[in-house]
Structures are given as C-alpha cells and as structure tokens.
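The values are calculated or read from the model by the stated rules, or taken from the named source; none is laboratory data. Please read all numbers here as calculations on a predicted model, not as lab measurements. Cβ placement follows ideal geometry from the backbone for every residue including glycine, while neighbour counts extend to all protein chains displayed. Ligands, DNA and RNA are excluded from the accessible area calculation, which covers all protein heavy atoms including side chains. Shrake-Rupley method; radii C 1.70, N 1.55, O 1.52, S 1.80 Å.
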Amino acid sequence: LTLQNINDAYTYLQTAMRLQGDDANVMHQMGVILFTMGKYPQALEYLQKAVALKKYDASTYYYIALCYEEMSKLTEADDYYHQALEKDPTNQDIASALVRIKQKLEKQKDQWQTPEQKNQLDVEHGEDFPLPINKSAIDVRLKDNAPPDEKTP
C-alpha cells in the first residue's frame, strides 16, 4: 500500500483476512485499499468493522468520512470528520475536510430553498396581453357590438 501498488496490496490483504479476519488493522487497511480503488460502499463496510473491533483512531474515522462524502452523504461525513478531529486536533487534512464539507452542506441547503414564487395572476397583473384574433373573429365581434337595429339575424 505504501508503494502505491494497490493490486498487490489487495491480494496480500485478502490473505491477511483469511489468516486474521478479526484484526482491526487488517479491516482498516482493506477499507483504505477499497477506498483507493473507488469502491466506497465496500470500503465503508470494512472501516466500520474496524471501528466495531475497537479501532478508534483518527485515520479510520477520516476514511469513513471520506467514503460518506464520496457517496454524497454529507451529514454522515461531517459527523465522522468531527470524530476524526477529536482524535487528532492538529491534523490539517481533517480540518480542511471539515471546511470543505461545511461548504458542501451550505450549498446543498441553499439548493433546496426556493425563491418566493408569485401567483401567475400576480405576475400578469397590470399586463396587457393582446389576444391572437383572426379577421373573421373581428368581423363577428364588430357585429356583436353593433346597435341592435344593425345586427343581422
């Protein structure tokens, strides 16, 4: 994993899981590899298993938050970034992630706010809309408005 040879690391970790499937560090590393491979739901599953096995370090919470963020579950991501920051208050990556997630949450909140909409009649109030009328309709209308003695039966 350190050498960025993800495929080999994945193969070795599968072997480690067969040998020590209940080791929190193995679960954490598998989660990190799956995250790196873009398999966020699977990565999240392994990272949460690591937490269940009492791996409460900042890195695990940070990767859980990253998974949630990639899956567009921003509220969950925010929660886990905060937990990661509690474990490592000086970590600048976590602090930056919190700023980023806060901006995304604000943008998401603004997206669902709709501007005040007016009733269609309010919008059209005072407007003069000419009606499309053809020549025969004008002739009929003129005859309807003519004095009673000039109307044709």
*Residue by residue through segment 66-102, note down the ones that are open to solvent by 20 Å² or more (accessible area, probe 1.4 Å) and small (G, A, S).*
S72, A95, S96
_segment 31-56, subset open to solvent by 50 Å² or more (accessible area, probe 1.4 Å) and under 18 Å from H82 (Cβ atoms), residue nearest to the chain's Cα centre (by Cα)_ = Q48
*Positions within segment 57-115 being in a loop (DSSP other than H, G, I, E, B) and in contact with a helix residue (DSSP H, G or I) (Cβ under 7 Å, 6 or more places away or on another chain), in sequence order*: D57, M71, D88, N91
_Close pairs from segment 78-91: first within 14 Å of K55 (Cα to Cα) and basic (K, R), partner open to solvent by less than 100 Å² (accessible area, probe 1.4 Å) and outside any helix (DSSP H, G or I), Cβ under 8 Å, at least 6 apart_ = K87/D57
*Hey, Q117 open to solvent by 100 Å² or more (accessible area, probe 1.4 Å), out of contact with any strand residue (DSSP E or B) (no Cβ under 8 Å at 6 or more places or on another chain) and at pLDDT 95 or above or not*: no
